[in-house]
Amino acid sequence: MIFFIKNRIIYNKHIYEKTKKLCKMKKTTCFETNAIHSQMKRSPLNEHSTPIYPTSSFLFNTAEEAQSVFADEQQTYIYSRLAHPNNDEFIEKLCLLEKAGDGIATASGMAAVFLSLAAHLRAGDHVLASRSIFGSTHLLFTQFLPRWGITHTYVDVDDKNGWKKNLLPSTKMIFTETPSNPGLDIINLEYLGQLSRENDLYFVVDNSFSTPYLQRPIDFGADLVIHSTTKFIDGQGRTIGGAIIGNKEAMEEVHMLARQTGPTLSPFNSWILSKSLETLAVRLDRHCSNAFQLAEFLEKHKEVRSVRYPLLPSHPQYELACRQMNQGGGLVSFEVNGGVDRCMKFENALQLFNITANLGDTRSCITHPSTTTHSKLTSEEKQAVNITDSLLRVSVGLEHINDLLEDMEQALVKSKK
Ligand SMILES: Cc1ncc(COP(=O)(O)O)c(C=O)c1O
């Protein structure tokens, strides 16, 4: 405290200059090292771990400096809705890992989805989107964007010509999510990247299920990448958060709208998420290996009707998943024999899989999409994206795989009775 009061004159500038750029570190292309060693420059206290700056605004040393900052003659932190050192550290690190030019941290994944759409779409514009998308994103497309004169067309995952066929002169954006929630459909990013380039469209990809460790849509031409950081990036179910990262040109409008509308992430949540990125690679290695083993187990089980996991050879887009993902991710979707009653009995019989709407946690989680996350969809809409009454979505945690398989087995047996 005394330190800060004594140094008040230099504090404002000092913090900005110290935090605007990440620490200088040894140059490396290794994901894990970048995730751990990129950190905001240290304060004069020389702390080892990044501090949190829980402040809503920053001081100007003089009235003249305030005027000059507001006139864009010099840059400094002003007000935490506009920019904040903890948000900057988190986003600069995420950009480094995903090879993006710029980004923004948002208060939730849905704030990121909405901001990416609202920043680039105007009345009269049209969006081409993959049909299998998160329930709230679907509601944005069907119930809110039409209020502002923005239309969309969905393309089915198995309709190879659907994207080209449905292009309109007013099409401005391609929006996709891969793997999709909850069906784990895989969308061809290379194809859509090229189509977007040829037709001068913004290409937006929701990468929440993969994170930059498993898939980098920017390598395939995405302009903007969305994350619900609530999921694997947090990894312990502590925060709601989101991010948009992408190329500088596409991010410009996003920043302009965000400054005025304020979907800002709190410094505390940014601090947590930046720390979480340090362990993302090791966590995902375990999530993926557990999920793969669980998927193989379920595929052989006689009480299981079908299984979806991107890296199971039985997945309809298996080869595509192998091309664009490093590993298959932590989610497994499957159908049990029976309908809603059997699913509920099965969920209630599980002892290690928690019934919760979140995913990407250290703890294994299970959801029945038809009665929870996707319950607002009509029967026809559910049918179109294969959300049947028998479908369950599991987020495979970091527990020992033997315990998880044992728990699944006993619940499948118990729920049959
Ligand atoms: C693919 C996907 N995108 C976006 C979201 C929304 O994220 P949030 O809940 O952080 O707003 C979710 C949430 O489950 C999701 O699964």
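No value in this document is a laboratory result; all are computed from the given coordinates. Just so it is clear, the structure is predicted and the values come from calculations on it, not from any experiment. Positions of Cβ are generated from backbone atoms using ideal geometry, with glycine treated the same way; all protein chains shown enter the neighbour counts.
Worth pointing out:
- log₁₀ of I(q)/I(0) at q = 0.14 Å⁻¹ - region 2-277, Debye sum with one point per alpha carbon: -0.98
- Each 5 Å bin from zero up to the one holding the largest Cα-Cα distance in region 180-299 carries the following percent of pairs: 2, 10, 17, 19, 20, 16, 10, 5, 2, 1, 0.
- Environment charge at SER132 (Cβ cut-off 13 Å; Lys +1, Arg +1, Asp -1, Glu -1): -3
- Look at LYS99, LYS302, LYS172 and count the other Cβ atoms within 10 Å of each Cβ; fewest to most, that gives LYS302, LYS99, LYS172.
- Close amide H pairs (under 5 Å, H built 1.01 Å from N) link MET40 with CYS23, residues at least 5 positions away or on another chain.
- Dividing the mean sequence gap of close Cα pairs (under 8 Å, 6+ apart) by how many residues the chain holds gives a relative contact order of 16 percent.
- Normalising the average separation of contacting C-alpha pairs (under 8 angstrom, six or more residues apart) by the number of residues puts the relative contact order of region 281-416 at 28 percent.
- Comparing HIS301, HIS48, HIS255 in a Gaussian network model of the chain, where Cα atoms under 10 Å apart are tied by springs, the biggest mean-square fluctuation is seen for HIS48.
- Remark: region 34-143 is approximated by an ellipsoid whose semi-axes, taken from the C-alpha gyration tensor as √(5λ), come to 34, 21, 12 Å, largest first.
- Residue-count net charge about GLY221 - beta-carbon cut-off 10 Å; Lys, Arg +1, Asp, Glu -1: -2
- Derived scalar couplings between HN and Hα for region 30-35 equal 7, 3, 4, 5, 4, 5 Hz in order, rounded to whole Hz, by the Karplus curve 6.51 cos²θ - 1.76 cosθ + 1.60 (θ = phi - 60°), x for Gly and Pro.
- Neighbour-count ranking [beta-carbon atoms within 10 angstrom, fewest first] of ASP361, ASP285: ASP285, ASP361
- Which of GLY397, GLY329, HIS315, positive extreme of dipole for region 281-416 (C-beta unit charges): HIS315
- Test item: Cα-centred dipole of region 226-272, Lys/Arg +1 and Asp/Glu -1 on Cβ, debye: 180
- Each 10 Å bin from zero up to the one holding the largest Cα-Cα distance in region 281-416 carries the following percent of pairs: 13, 44, 36, 7, 0.
- Going by neighbour counts of Cβ atoms within 10 Å, the residues VAL69, VAL113 line up, fewest first, as VAL69, VAL113.
- Derived scalar couplings between HN and Hα for region 360-368 equal x, 8, 4, 7, 5, 10, 9, 9, 9 Hz in order, rounded to whole Hz, by the Karplus curve 6.51 cos²θ - 1.76 cosθ + 1.60 (θ = phi - 60°), x for Gly and Pro.
- Charge dipole of the chain about the Cα centre (unit charges at C-beta), most positive-ward option of ILE187, ALA107, TRP271: TRP271
- Evaluated with a Cβ-only charge set (Lys, Arg +1; Asp, Glu -1), region 300-417 carries a dipole of roughly 220 debye about its Cα centre, given to the nearest 20.
- Taking amide H as placed 1.01 Å from N in the peptide plane, ARG305 has its amide H under 5 Å from the amide H of GLU335, VAL336, ASN337, each at least 5 places away in sequence or on another chain.
- With the charge dipole of the chain set up from +1 on Lys and Arg Cβ and -1 on Asp and Glu Cβ about the Cα centre, the Cα lying farthest toward the positive end among the listed residues ASN386, HIS287, HIS126 is that of HIS287.
- Largest GNM mean-square fluctuation among PRO44, PRO267, PRO85, using the chain with Cα springs under 10 Å: PRO44.
- Amide hydrogen neighbours beyond the local backbone of ASP185, cut-off 5 Å, H modeled: SER180
- Residue of LEU59, LEU167, LEU192 that the Gaussian network model of the chain assigns the largest fluctuation, springs spanning Cα pairs under 10 Å: LEU59
- Counting DSSP beta bridges with both ends in the chain, the antiparallel % (nearest 5): 55
- Between region 37-88 and region 162-186, the C-alpha centres lie 39 angstrom from each other.
- Whole-angstrom gap from region 240-263 to region 361-386, using each part's C-alpha centre: 29
- Mean Kyte hydropathy of 0.0 or more with a Cα span along the axis of at least 27 Å, helices from DSSP in the chain: 280-299
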